[in-house]
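Since the structure comes first, as structure tokens, the remarks are kept for the end.
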Amino acid sequence: MMRSAEEVGVSPRLVMGVLYNEAYKPHHPLLKRLWQWWKPEASFGVANMHQAAFEQVRRRHGLSERWQDLRDDPAFAIRAAALHLKDLDGRLPAGHVRRYTRDELLALGYNAGERNMRAFARGVPPGPMAWSYLRRFRAGRRRAAEALAGCVQACAAISPKASHGSVDLDHHLVHGAAQVDQRDD
């Protein structure tokens, strides 16, 4: 997960926060197939990406995989989510209302779409579903940071001479321990 975020240039904590928010349903490939049979427009993969969002990412980044591949390949699903978040970041205005961080707006964009993300950035209040997503994203910040810090420590224990150093949780390469944003939301 951290490698996908690093390669794409987005915050690992943002990606992990979105993954935690999207973990509300089982991600077993067989269950995904059954879910799609019942609800053909269902989202796929561990990041619950909808087909329209995936097709935009596929075209923009020249991916050869299909949307259905998200359900069977968690690493690919995470990479596609990171690419989508990076694309949303490129469309988010530099200036936005102060009540949201950039990562919060990107998470809202992942959930509610680019147009809504831009509206939230201008100050339009989120509806009940987007507000619920934002509350869960905020609540999961510390959990995501702790999980990523554990990953960095585990990687360092396995390979103390890792060439990439460790990653701070807002996607900057550093050497030594991961830096955790202690901001409470």
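The values are calculated or read from the model by the stated rules, or taken from the named source; none is laboratory data. Since we're looking at a predicted model, the values are computed, not measured. Areas reflect the complete protein model, heavy atoms only, side chains present, ligands, DNA and RNA absent. Shrake-Rupley method; radii C 1.70, N 1.55, O 1.52, S 1.80 Å.
Side notes on the structure shown:
- Solvent-accessible surface ranking, highest first, for ASP72, ASP87 at 1.4 angstrom: ASP72, ASP87
- Rounded to whole numbers, the Karplus 3J(HN,Hα) couplings from phi for segment 88-98 are 4, 4, x, 9, 7, x, 4, x, 8, 4, 6 Hz, using 6.51 cos²θ - 1.76 cosθ + 1.60 with θ = phi - 60°, and x at Gly and Pro.
- Under 5 Å, built H, 5+ apart or other chain: amide partners of GLY45: ARG71
- The calculated P(r) of segment 57-129, using every Cα pair and 5 Å bins from 0, goes 3, 16, 26, 19, 15, 12, 8, 2 in percent.
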